[in-house]
Amino acid sequence: MFWTKNSIPMLPRLSELDAYKYYFQCYGKDMETNLPDKKGQLIPAFHSVMKKKHRSL
C-alpha cells in the first residue's frame, strides 16, 4: 500500500503504482503546515489522479 497526503510529486510517475492500491489523504494547513495550498494545488492534483486512474480502468 502507498499512502500520501501530497500527490503532486507523484503525478508524473503515477502509472508506476498501477499494480498497487493507493490512497491520498487531503488535510488543510490547520493540520499539516508544510503541505501545499489545499484549494489551489492539492485538490486539483487529486482531480488529476482520479482522471488518470479512471482512464486506466
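The values are calculated or read from the model by the stated rules, or taken from the named source; none is laboratory data. Nothing here was measured: the structure is a model prediction, and the numbers come from that model. Every residue, glycine as well, gets a Cβ built from its backbone with ideal geometry; the counts of neighbours run over all protein chains shown.
Phe46: modelled with pLDDT of 80 or more and within 8 Å of the chain's Cα centre (by Cα), yes or no? Before the answer, list the steps.
Values: modelled with pLDDT of 80 or more: yes; within 8 Å of the chain's Cα centre (by Cα): yes.
Considered against the rule, which asks whether it is modelled with pLDDT of 80 or more and within 8 Å of the chain's Cα centre (by Cα), Phe46 comes out as yes.
Name the residues in the stretch 19-34 that are hydroxyl-bearing (Ser, Thr, Tyr) and either at pLDDT 70 or above or surrounded by 14 or more Cβ atoms within 10 Å (Cβ to Cβ) (or both), would you? Outline the logic, then answer.
Restricting attention to the stretch 19-34, the residues satisfying the condition of being hydroxyl-bearing (Ser, Thr, Tyr) are 20, 22-23, 27, 33.
Tyr20, Tyr22, Tyr23, Thr33 - these are the residues of the stretch 19-34 that are hydroxyl-bearing (Ser, Thr, Tyr) and either at pLDDT 70 or above or surrounded by 14 or more Cβ atoms within 10 Å (Cβ to Cβ) (or both).
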